[in-house]
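Participant: Sharing a structure below in structure tokens format, with a few things to ask.
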Amino acid sequence: LETDQNYIIKADMPGVDQESLSVKVDGDLLTIQGRRRHDGFDDNTHMHRLERLHGSFSRSFSLPTDVEDDSVAATYKDGELTISLAKTNSPDRPTTVRIPVSVSE
């Protein structure tokens with residue numbers, strides 16, 4: 001999404017713990033990484049069909065030149081990650097910025 005002041009990225013991540021999420025900006029690249037745990041089943045369980053992905057994932061997005069890196073914010077609530085990136089007129093970027101993911105209430 002884009003507003004006059006921000007770019008907003010929303011990602012559905014059901015079953016992903018906040019502690020396993022990592023959001024970082026490296027130059028003009030935003031990277032979201034995480035891990036979805038596998039539901040443990042014992043040896044007596046006979047699985048007929050499982051349509052739930054598990055394991056590590058990583059997605060990267062190229063950012064426009066008008067993103068202000070030090071004002072990037074990330075929140076995670078009910079399985080949805082929301083990243084807000086403020087716009088600026090300066091094209092200068094630091095090399096890498098890690099973004100803390102907070103829980104929205």
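Participant: Along the Cα→Cβ direction, 7 angstrom out, place labels at Asp78 and Arg49. What is the inter-label distance in nm?
Facilitator: Taking the two extended label points, one gets 2.8 nm.
Participant: Counting only Cα, what are the radius of gyration and maximum Cα-Cα distance Dmax of the chain, in Å?
Facilitator: Rg and Dmax of the chain, Cα atoms, are 16.7, 60 Å.
Participant: Same structure, new question: With r defined as the distance between the Cβ atoms of Leu1 and Arg37 and R0 fixed at 30 Å, what FRET efficiency is calculated, to the nearest 0.05?
Facilitator: Once the sixth-power term is evaluated, E becomes 0.55.
Participant: What are the ³J(HN,Hα) couplings of the range 16-28, residue after residue, when phi is run through the Karplus curve with 6.51, -1.76, 1.60 and θ = phi - 60°? Round to Hz, x for glycine and proline.
Facilitator: 9, 6, 4, 5, 8, 8, 9, 10, 9, 10, 10, x, 9
Participant: For the chain, with all protein chains present and a 1.4 Å probe, just round the carbon and sulfur fraction of the accessible area to a whole percent.
Facilitator: Carbon-and-sulfur percentage of accessible area, whole number: 45.
Participant: OK, next. Label Asp28 and Asp12 with points 7 Å out from Cα along Cα→Cβ: what is the distance between them in nm?
Facilitator: In this crude label model, Asp28 to Asp12 measures out at 3.1 nm.
The values are calculated or read from the model by the stated rules, or taken from the named source; none is laboratory data. The model shown is predicted, which means the values in this text are computed figures rather than measured ones. Positions of Cβ are backbone-derived with ideal geometry, glycine not excepted, and every protein chain shown enters the neighbour counts. Only protein heavy atoms, including side chains, enter the accessible area calculation; ligands, DNA and RNA are left aside. Shrake-Rupley method; radii C 1.70, N 1.55, O 1.52, S 1.80 Å.
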